[in-house]
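Engineer: Here it is, the structure, as structure tokens.
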Amino acid sequence: MNIQHILSDKIKQAMIAAGASEPVEALVRQSGKPQFGDYQANGIMAAAKKLGKNPREFAQAVLEQLNLDDIATKLEIAGPGFINIFLKDEWLANCVAKANQSQTLGIDTDQKQTIVVDYSSPNVAKEMHVGHLRSTIIGDSVVRTLEFLGNQVIRANHVGDWGTQFGMLIAYLEKMQNGNATDMDLSDLEAFYREAKATYDNDADFAEKSRNYVVKLQSGDEYCLSMWRKLVDITMQQCQRTYDRLNVTLTTKDTMGESLYNPMLPDVVQTLKDKGLASEDDGAVVVFLDEFKNKDGDPMGVIVQKKDGGYLYTTTDIAAASYRCHTLKADRAMVFSDSRQAQHMQQAWLITRKGGFVPDDFILEHFTFGMMLGKDGKPFKTRSGGTVKLADLLDEAIERASVLIDEKNTELSDSEKQAVIDAVAIGAVKYSDLSKNRNTDYVFDWDNMLSFEGNTAPYMQYAYTRIRSIFTKAGLDLHALTGEIAIGNDKEHQLAIKLLQFEEVLLSVVKDGMPHLLCQYLFELAGIFSGFYESCPILSTEEPTKTSRLLLAALTAKTLKQGLTLLGIKTVEKM
Ligand code: ARG
């Protein structure tokens, strides 16, 4: 159910009937102010200009061709040639009733694309840090929304599991095992990596062995491969614990690390050479790109194979693009990683296109995001200046939420209380990130994110439980309720329209990879519901108004819950 699409189609047809020819767009948008109606069509002026007609006269001609009697009470020409559309209460009531009865809340779930979503993508033998948090949760909510809309999503956790550092890591793992260390001693991956590096820098024999192991690993030596696999497994087990705590849908099955593409890399380089795109430069194989200039103003060289024969991050991303298109048969590949990788992705994909590794209509998109900052406006760090480990961050969230929920002194059982603490703690961390436009840096602030006021997880979760409690009080099942809906005043009208705009929001979330639009929508929906609830009594009202209002409340609760679920945020029935 998509009001924007319905109106766009009808108005476009009327524009054509009034003389416009394709391509023509009605450009229907939600109106900013009630006096401009519920929706407005902005495409008249451009179409009139193309026809050499006066826009207001053309608007009049369009209205003569337009029959929206079932949908709208009033259509009005405004300003230089906008059409304002005022929707009919009976039609809205009917749409809300249908949405209420539908499993998918009236959302069209017939998108049919196959989409690879590359997200989270931590690195082996390195602890996941806050930098991976954004990719993980933004990517996951886009994945959930894409799936809800009917698409087939392939999650690709592009783990950094290959590279020259593995010689050193294998040598160090061996050293630890010889010293009878158990795998558990690897739990502190950050320390493991640091110590491996220190040993490499200070111990010449160890460094020699490390270099030896890289060569062996790359030539498929069984021993080195098994040590490497151990490192990958331990890392991914730790990541999995974090994913589970975060209520993120990734599993170990979704790991498609850089190593997956190794067998394809020689062909990538060969193809680039054959096509005359790559050339030898000082022993390395380089692609020069006119589109990027180096500091001397010359075309920038991007290395695809090093002097020693090794391949690079870029080579792997070219192979990954091709694999996602041809082997996975995807229509679209979306990568979520921080904005410092923007140039890398642009270059990798420019080479991908120039080399003809994917057809022109294959969509490659990089969704970047800014940094998470501390309250001092500087990159988020621990008090001693180290990177904040995600696991520690989540522990702190649970601690803080426990204090908060204890203070509220509700009549919850212990297990109910634990569920609330978990939902609020994890929800707060995720929502504070998801609710910000991903393009900007944002300040990580415990007090803000755990507040019950404003655009926060606790506020949204509480708004949901408040509606639930109306039903509990009335002894009614929110899902089983049936009856007639009648829209009788502005507040009901506004609420109905907002509810019916859910699909429009979901479409923009998946188009632009921007979950904050969904947060903003849910926040506004909760606000509109509050306004409705204040001026439209529900349980104390006579029938049939009572049931009608209960049905509006039911769809609001279901929409809030579904929306939060798509953000990967849990709801509880009471708190
Ligand atoms: N592993 C990388 C990092 O930690 C992110 C990978 C992003 N995806 C990609 N296809 N390059 O920064």
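All of the numbers you see were taken from the coordinates with simple rules; none came from a lab. Values in this document were obtained by computation on a predicted structure and should not be read as measured data. Every residue, glycine as well, gets a Cβ built from its backbone with ideal geometry; the counts of neighbours run over all protein chains shown.
Engineer: Any chance you could give the angle, 0 to 90 degrees and rounded to 10, that helix 545-566 forms with the longest Cα principal axis of the chain?
Structural biologist: Compared with the principal axis, the helix lies near 10 degrees.
Engineer: A further question on this structure: Given a Förster radius of 60 Å and the C-beta distance between SER279 and ALA78 as r, what FRET efficiency does 1/(1 + (r/R0)^6) yield to the nearest 0.05? Please report the intermediate quantities before stating the final value.
Structural biologist: Numbers: r = 61 Å, r/R0 = 1.01.
After rounding to 0.05, the efficiency reads 0.50.
Engineer: Sticking with this one: Just to be sure I understand the model, the point goes 7 Å from the Cα along the line to the Cβ. What's the resulting GLU573 to GLU22 distance in nm?
Structural biologist: My value for the distance between the label points is 5.2 nm.
Engineer: Right, another one. Whole-Hz ³J(HN,Hα) for each residue in the range 515-532, computed from phi via Karplus 6.51 cos²θ - 1.76 cosθ + 1.60 with θ = phi - 60°, x for glycine and proline: what do you get?
Structural biologist: x, 5, 5, 6, 4, 4, 4, 5, 4, 5, 4, 4, x, 5, 5, 4, x, 4
Engineer: Just to confirm the number: angle between the C-alpha axis of helix 414-434 and the first principal axis of the chain, 0 to 90 degrees, nearest 10?
Structural biologist: 80 degrees
Engineer: What lysines does LYS197 reach when the alpha-carbon gap must be under 25 Å and sequence neighbours fewer than 8 apart in one chain are set aside?
Structural biologist: Partners within reach: LYS126, LYS175, LYS209, LYS216, LYS230, LYS306, LYS307, LYS381, LYS389.
Engineer: At ILE6 and GLN418, where each label point lies 7 Å from the Cα along Cα→Cβ, what is the point-to-point distance in nanometres?
Structural biologist: Going from the ILE6 label point to the GLN418 one covers 4.7 nm.
Engineer: How long are the semi-axes of the equivalent ellipsoid of the range 19-163, taking √(5λ) for every eigenvalue λ of the Cα gyration tensor, in whole Å from largest down?
Structural biologist: Working: eigenvalues 398, 90, 42 Å².
Each semi-axis is the square root of five times an eigenvalue, giving 45, 21, 14 Å.
Engineer: Can you spot the lysines whose alpha carbon is less than 19 Å from LYS53's alpha carbon? Ignore those fewer than 8 places along the same chain.
Structural biologist: The reachable lysines, counting only those whose Cα sits under 19 Å from LYS53, are LYS12.
Engineer: Please state the charge dipole magnitude for the range 233-306, taken about the Cα centre, from unit charges on C-beta atoms (+1 on K and R, -1 on D and E), reported in debye and rounded to the nearest 20. Present the calculation step by step, with values, prior to reporting the outcome.
Structural biologist: Numbers: 8 positive and 13 negative charges, 81 e Å.
Around 380 debye, computed over the range 233-306.
Engineer: Next up: For the peptides 552-565, 528-541, 415-428, what is the packing order when you average, over each peptide's residues, the other Cβ atoms within 10 Å and list the highest mean first?
Structural biologist: Values: 552-565: 22.5, 528-541: 15.1, 415-428: 20.9.
Result, highest mean Cβ count within 10 Å first: 552-565, 415-428, 528-541.
Engineer: Taking Rh as the Kirkwood radius computed over C-alpha pairs, what is the Stokes-Einstein D of the chain at 10 °C in a medium of viscosity 1.306 mPa s, expressed in µm² per second? Numbers along the way, then the final one.
Structural biologist: Working: Rh = 27.1 Å.
Result for D is 59 µm²/s.
Engineer: Taking the chain as the reference, fit the longest principal axis to its C-alpha atoms, fit the long axis of helix 55-65 to the helix C-alpha atoms, and give the angle between the two in degrees, 0 to 90, nearest 10.
Structural biologist: Compared with the principal axis, the helix lies near 70 degrees.
Engineer: Could you sort 111-123, 364-376 so that the peptide with the highest average Cβ count within 10 Å comes first and the rest follow in order?
Structural biologist: Details: 111-123: 21.3, 364-376: 17.3.
Ranked by mean Cβ neighbours within 10 Å, highest first: 111-123, 364-376.
Engineer: So, one more: Calculate the tail of P(r) for the range 290-329: the fraction of all Cα-Cα distances greater than 15 Å, expressed in %.
Structural biologist: On the way: 455 of 780 pairs.
Summing the P(r) tail past 15 Å for the range 290-329 gives 58 percent.
Engineer: Let me ask another. What is the packing order of peptides 256-265, 298-307, taking the mean over residues of other C-beta atoms within 10 Å and listing the highest first? Numbers along the way, then the final one.
Structural biologist: Working: 256-265: 18.9, 298-307: 17.3.
Answer by packing, highest mean first, reads 256-265, 298-307.
Engineer: Report, by chain and number, residues whose modeled amide H sits under 5 Å from the one on ASN123, excluding near sequence neighbours (fewer than 5 apart, same chain).
Structural biologist: Here the answer is GLY160, since their amide H atoms fall under 5 Å of that of ASN123.
Engineer: Give me SER102, SER21, SER337 sorted ascending by neighbouring Cβ count inside 10 Å, so fewest comes first.
Structural biologist: On the way: SER102 13, SER21 10, SER337 23.
Least crowded to most crowded, the residues run SER21, SER102, SER337.
Engineer: What percent of all Cα-Cα pairs in the range 358-401 falls in each 10 Å bin, counting up from 0?
Structural biologist: The percentages, shortest bin first, are 20, 34, 20, 13, 12, 0.
Engineer: Using θ = phi - 60° and the Karplus relation 6.51 cos²θ - 1.76 cosθ + 1.60, list the HN-Hα couplings for the range 222-227 in order, rounded to whole Hz, with x at every Gly or Pro.
Structural biologist: Couplings: 4, 4, 4, 4, 5, 5 Hz.
Engineer: So what's the back-of-envelope 222 nm ellipticity for the chain, counting only DSSP H runs of four-plus at -39500 (n - 2.57) apiece and dividing by all residues, rounded to 500? Numbers along the way, then the final one.
Structural biologist: Values: 20 runs with 293 residues, N = 575.
Result for the chain, helices only: -16500 deg cm²/dmol.
Engineer: With only alpha-carbon atoms in the gyration tensor, what are the semi-axes of the equivalent ellipsoid for the range 337-413, in Å, largest first? List each step's numbers first, then the result.
Structural biologist: Numbers: eigenvalues 371, 70, 18 Å².
One finds semi-axes of 43, 19, 10 Å for the range 337-413.
Engineer: Just name one of ILE421, SER210, GLN111: the one whose Cα is farthest towards the positive end of the charge dipole of the chain (beta-carbon charges, Lys/Arg +1, Asp/Glu -1).
Structural biologist: Highest projection toward the positive end goes to GLN111.
Engineer: Provide the FRET efficiency to the nearest 0.05 for the ASN67-ALA391 pair, computing r from the beta carbons and using R0 = 60 Å.
Structural biologist: 0.50
Engineer: Still on this model: Run the dipole for the chain about the Cα centre, Lys and Arg Cβ at +1, Asp and Glu Cβ at -1, nothing else charged, and hand back the magnitude in debye, nearest 20.
Structural biologist: Numbers: 62 positive and 78 negative charges, 146 e Å.
In total the dipole reaches around 700 debye.
Engineer: What is the dipole size for the range 495-575, taken about its Cα centre, with +1 at each Lys and Arg Cβ and -1 at each Asp and Glu Cβ, in debye to the nearest 20? Could the numbers behind the result be given before it?
Structural biologist: Details: 8 positive and 8 negative charges, 47 e Å.
Magnitude of the dipole: close to 220 debye.
Engineer: Work out, step by step, the length gained on full extension between ASP331 and SER219: first 0.36 nm times the residue separation, then minus their alpha carbon distance; give nm to one decimal.
Structural biologist: Values: separation 112, 0.36 × 112 = 40.32 nm, distance 3.40 nm.
Taking 0.36 nm per residue and subtracting the Cα distance, the gain is 36.9 nm.
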